[in-house]
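Reviewing the structure listed below.
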Amino acid sequence: MLTGGDVERRNTAGGEDVSTGDRRFEDLFRHASNGIYQCSADGRFVMANDALARMLGYRDAGQLRQARMADVFQSENDAGAVLRPLREGARVENAELMLRAKDGPAVAALLNARAVCGEEGEILYHEGILTDITQLRKQEEQLLHLATHDPLTGVCNRREFGHLLERHLAEARRYERRGAVLWMDLDVFKEIN
């Protein structure tokens, strides 16, 4: 028969002491660059790492634990899209969200979360990982702008102009409106540039 002390000293399949594994997990949790959290069934932060606290504009994880998960969503739609499935015991995978930082700009984030259920099927808590993708979204916007606009003048390029023209023509046909296009061609424009 094993006692609690025996279990603590027992080696894991990887050959390391359980307490060593716990310390390594705690170190990973504490120093992860992604936000990691656990929330109670009623949505209060029970545990969070400092990366999540920083992402959301809190001084530290202790301060974040005074907040509720529903408070960090920028929109009620995002909150419902995440919290509803978790309350039903489902997973949320790769959900792109806009979060509200406590004292700063909105944060674009990618969430992976799961509900943790008890033996009777009741929701005990939910836990997840949030990745800040704000910089990635800004870079995507910059790339899109470069793909659709002239870098020197900032004016729409020919391809984007064609898309805009088609959209406006379709709208004019749909709503029986009139419109006009003024086309100007500048000879030797490259030499002026």
Checklist entry - Within the range 119-169, can you find the residues that are β-branched (Val, Ile, Thr) and part of a helix (DSSP H, G or I)? => result 134, 148
Next on the checklist: List pairs: first residue in the range 120-140 and within 23 Å of residue 31 (Cβ to Cβ) and in contact (Cβ under 8 Å) with a residue 40 or more places away in the chain, second residue small (Gly, Ala, Ser) and open to solvent by 80 Å² or more (accessible area, probe 1.4 Å) anywhere in the structure, Cβ distance under 9 angstrom, at least six positions apart or on different chains.
Outcome noted: 131/33; 132/33
Next on the checklist: Of everything in the range 31-49, what is surrounded by 20 or more Cβ atoms within 10 Å (Cβ to Cβ) and of a type in the set (Gly, Ala, Ser)? Give them in sequence order.
Outcome noted: 35, 48
Checklist entry - exposed (fewer than 12 other Cβ atoms within 10 Å of the Cβ) and among the acidic types (Asp, Glu), is that true of residue 127? => result no
Next on the checklist: Among the listed residues 92, 82, identify the single one that is in contact with a Pro (Cβ under 9 Å, 6 or more places away or on another chain), more than 18 Å from residue 49 (Cβ to Cβ) and either open to solvent by less than 40 Å² (accessible area, probe 1.4 Å) or part of a helix (DSSP H, G or I) (or both).
Outcome noted: 92
Checklist outcome for this item: Within the range 50-79, restricting to residues that are open to solvent by less than 30 Å² (accessible area, probe 1.4 Å) and in a loop (DSSP other than H, G, I, E, B), the one that is nearest to residue 101 (Cα to Cα) is 56
Checklist entry - Do the conditions hold for residue 102, that is, is it open to solvent by 60 Å² or more (accessible area, probe 1.4 Å) and either touching a Leu at 6+ places or on another chain (Cβ under 7 Å) or hydroxyl-bearing (Ser, Thr, Tyr) (or both)? => result yes
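The values are calculated or read from the model by the stated rules, or taken from the named source; none is laboratory data. Remember, predicted model here, so these are calculated numbers, not experimental data. Here Cβ is always computed from backbone atoms with ideal geometry, including for glycine, and neighbour counts include all displayed protein chains. Only protein heavy atoms, including side chains, enter the accessible area calculation; ligands, DNA and RNA are left aside. Shrake-Rupley method; radii C 1.70, N 1.55, O 1.52, S 1.80 Å.
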